[in-house]
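The values are calculated or read from the model by the stated rules, or taken from the named source; none is laboratory data. Keep in mind it's a predicted model, so treat the numbers as computed, not measured. Here the Cβ is made from the backbone with ideal geometry for all residues, glycine too, and neighbour counts use every protein chain on show. Areas reflect the complete protein model, heavy atoms only, side chains present, ligands, DNA and RNA absent. Shrake-Rupley method; radii C 1.70, N 1.55, O 1.52, S 1.80 Å.
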Amino acid sequence: MNEIRAEGDAYDVAVIGYGPTGVTAANLLGAMGLRVVVLERDAEVFSRARAISTDEEVIRIWQRVGLADRLKQDMLAERPLDFVDARGRTFLSACPSPRGHGHPPQMFIYQPALEQVLREGVDRYPNVEILLRHECLRLTQNAEGAELTVLNTEGDSVQRLHAKYVIAADGGSSLTRAQLNVGYEGRTYEDRWVVIDTEMLKPWPDHDRLRFRCDPARPAVDCPTPLGHHRWEFPILPGDDEKYLVTDDAIHAMIAKYGIGPDQVKILRATVYSHHVRFAARFRVGRVFLAGDAAHAMPPWIGQGMAAGVRDAANLCWKLAAVLRGELPETVLDSYEAERKPHVKEITKRAVFVGRIITERRVPAARARDTTLRALRWATGINSRLVDSNWIPVAHYAKGFQAHPRTRSSGKQLPQPWVTDSSGTRVRLDDVLAGRWLLLHVGLPRPQLPWDRAGVPSLAVLPAGSRPVEDAVVDSEGVLLPWLTDHGAAVVALRPDAYVYAAADVGAQLPQPPAGFAPLSPTTASTAQ
């Protein structure tokens, strides 16, 4: 092994791991102008499609870095989902309802293709350095920053890198988490599952419909994936030969039950994995932050494992940028865990609940489930509400970085409709908000002196049909004004992630800006980048 050499110049942020969480962080931090280094031990995008779906809030996050529309080209949207019994009869069916983020509520993905597009997005930023085939062997930190001892596995050399902060997105078996001596609490389920990725050669009826096959004899997930692929998942049952179950013969035998012949699919790969429910004891240790699977793991039933990691990156990256630029004190970074952990735990609880519905092995209980849910299916509105209420919970921060006293809108994310901007162009709202602190007013802005003195810009929301004017958006779809009215807010102070920091009703003053708040002007921010 070659001698260690030290790199003198410090990066703003080092990202360990270049999966969906790490590559999202690299895009966000790159777009903010920070100097970033990414360490990834593998040479290429991981070839196995692990995640199979995502949701509108995650697409909204990728919209911030200009990749949403390109990513959606490779996704399947607006596909229904069915829970079916042992005879293939549907007992629960629904399409997830939109939550107001401006994109389809659920989209099926092919993860290797998605990650490739996200990596190409990072290539736009010369301030982001990507070190593939590099592994972090050791991490130490002090009051000034962190030092990473990094192995180049290709050249067998070691170097030291310095960063002010570190995002550890290095997966469920995170070496960083182990080095930090952070516990990973929870359980691993006894059942192991075979995950089968295939190329679709000849389509079959309803091949693009997600089915949870709730057969007590052998439950299964039957899932469409885009770009000509299809996914199945089957549990390994007592008495099964695990090595045989991943062979082509065994796989064809299992899917033949659903009328799929060997001439209709090409088996690409089959892998065995276990389901986990785990949470890191802490998401932050000094200057190091755990994100994605390094911080939490959940069963795959509602397709939120990858999405949770992307949300982690979105929550953390703007705060890191604010601290590094001197806009906010470092204490704001403590809100990362306070905001993300409760939401991840709620999503995980719902994933476990859905998994219990799908994997019920007791025949009498399965019959009762089928009968009850089939009866509810025909009750007006109950079917959709049942799925929506137990699917993806809306992110709402009961604690964290927000003003006090709290209001009905505190900790909630503003919906994102299409609006008309000052030039008369129809755009998505976040493209106008532009990832900055902003005061959003119902009608013409009223003075909010502490915020105005801090240089926070104001934007008026005008009703549909209004003439476009400077520093205003027209609520073309009639979404924003009713939302603000319903939440008793005549003005809201929005964080850069479009979550409400503070709100006030008509004639009232907003609470004070956060302590140590010194937002950069657009000109200064541009120069800093």
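Structure data summary
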read-out: Top-ranked residue of region 134-163 - restricted to ones that are of a type outside the set (D, E) and part of a loop (DSSP other than H, G, I, E, B), ranked as surrounded by the fewest Cβ atoms within 10 Å (Cβ to Cβ); value: A143
read-out: Of all residues making up region 433-469, the number that are of a type in the set (D, E, K, R) and surrounded by 15 or more Cβ atoms within 10 Å (Cβ to Cβ); value: 2
read-out: Some residue of region 317-340 being modelled with pLDDT under 95 and acidic (D, E); value: no
read-out: Selection from region 482-500 of residues that are open to solvent by 10 Å² or more (accessible area, probe 1.4 Å), over 15 Å from W318 (Cβ atoms) and part of a loop (DSSP other than H, G, I, E, B); value: H487, G488, A490
read-out: Pair list, Cβ < 7 Å and 6+ apart or interchain, from region 470-481 residues that are on the phi > 0 side of the Ramachandran plot and surrounded by fewer than 18 Cβ atoms within 10 Å (Cβ to Cβ) to residues that are among the small types (G, A, S) and not in a strand (DSSP E or B); value: D471/S422; G478/A464
read-out: First in region 419-437 and at pLDDT 95 or above, second anywhere and hydroxyl-bearing (S, T, Y), Cβ under 6 Å, 6 or more apart; value: V419/S476; T420/S476; R426/T420
read-out: Residues satisfying the stated conditions in region 369-395, i.e. at pLDDT 75 or above, closer than 30 Å to D497 by Cβ and surrounded by fewer than 16 Cβ atoms within 10 Å (Cβ to Cβ); value: V394
read-out: Unmet criterion (only one of (1) among the hydrophobic types (A, V, I, L, M, F, W, C); (2) over 30 Å from H396 (Cβ atoms); (3) part of a loop (DSSP other than H, G, I, E, B)) for L131; value: (3)
read-out: Filtered residues of region 164-189 (kept if in contact with a helix residue (DSSP H, G or I) (Cβ under 8 Å, 6 or more places away or on another chain), open to solvent by less than 70 Å² (accessible area, probe 1.4 Å) and either part of a strand (DSSP E or B) or not small (G, A, S) (or both)); value: Y165, V166, I167, A168, D170, T176, R177, Y184
read-out: Yes/no for R278 being closer than 19 Å to I16 by Cβ and in a strand (DSSP E or B); value: yes
read-out: Residue that is nearest to L81 (Cα to Cα) [pool: residues in region 336-349 that are open to solvent by less than 10 Å² (accessible area, probe 1.4 Å) and in contact (Cβ under 8 Å) with a residue 60 or more places away in the chain]; value: T348
read-out: Qualifying positions in region 46-105 - of a type in the set (D, E) and touching a Phe, Trp or Tyr at 6+ places or on another chain (Cβ under 8 Å); value: D74, D82, D85
read-out: Flag if L71 is touching a helix residue (DSSP H, G or I) at 6+ places or on another chain (Cβ under 8 Å) and within 30 Å of V272 (Cβ to Cβ); value: yes
read-out: Which listed residue, of K257, K243, is open to solvent by 50 Å² or more (accessible area, probe 1.4 Å), in contact with an Asp or Glu (Cβ under 9 Å, 6 or more places away or on another chain) and without any contact (Cβ under 8 Å) to a residue 60 or more places away in the chain; value: K257
read-out: Residue match in region 42-59 (condition: open to solvent by 50 Å² or more (accessible area, probe 1.4 Å), in a strand (DSSP E or B) and not basic (K, R)); value: no
read-out: Unmet requirement for L81, which otherwise passes all of (1) buried (at least 22 other Cβ atoms within 10 Å of the Cβ); (2) in contact (Cβ under 8 Å) with a residue 60 or more places away in the chain; (3) closer than 27 Å to R218 by Cα; value: (1)
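Quick grid of which residues meet (1) more than 26 Å from E327 (Cα to Cα); (2) outside any strand (DSSP E or B):
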site	(1), (2)
S410	no, yes
S423	yes, yes
R446	no, yes
D452	no, yes
G455	no, yes
V469	yes, yes
V473	yes, no
G478	yes, yes
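Conditions tested, residue by residue: (1) under 22 Å from R35 (Cβ atoms); (2) open to solvent by 10 Å² or more (accessible area, probe 1.4 Å); (3) without any contact (Cβ under 8 Å) to a residue 24 or more places away in the chain.
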residue	(1), (2), (3)
A295	no, no, no
L320	yes, no, no
F353	no, yes, no
R367	no, yes, yes
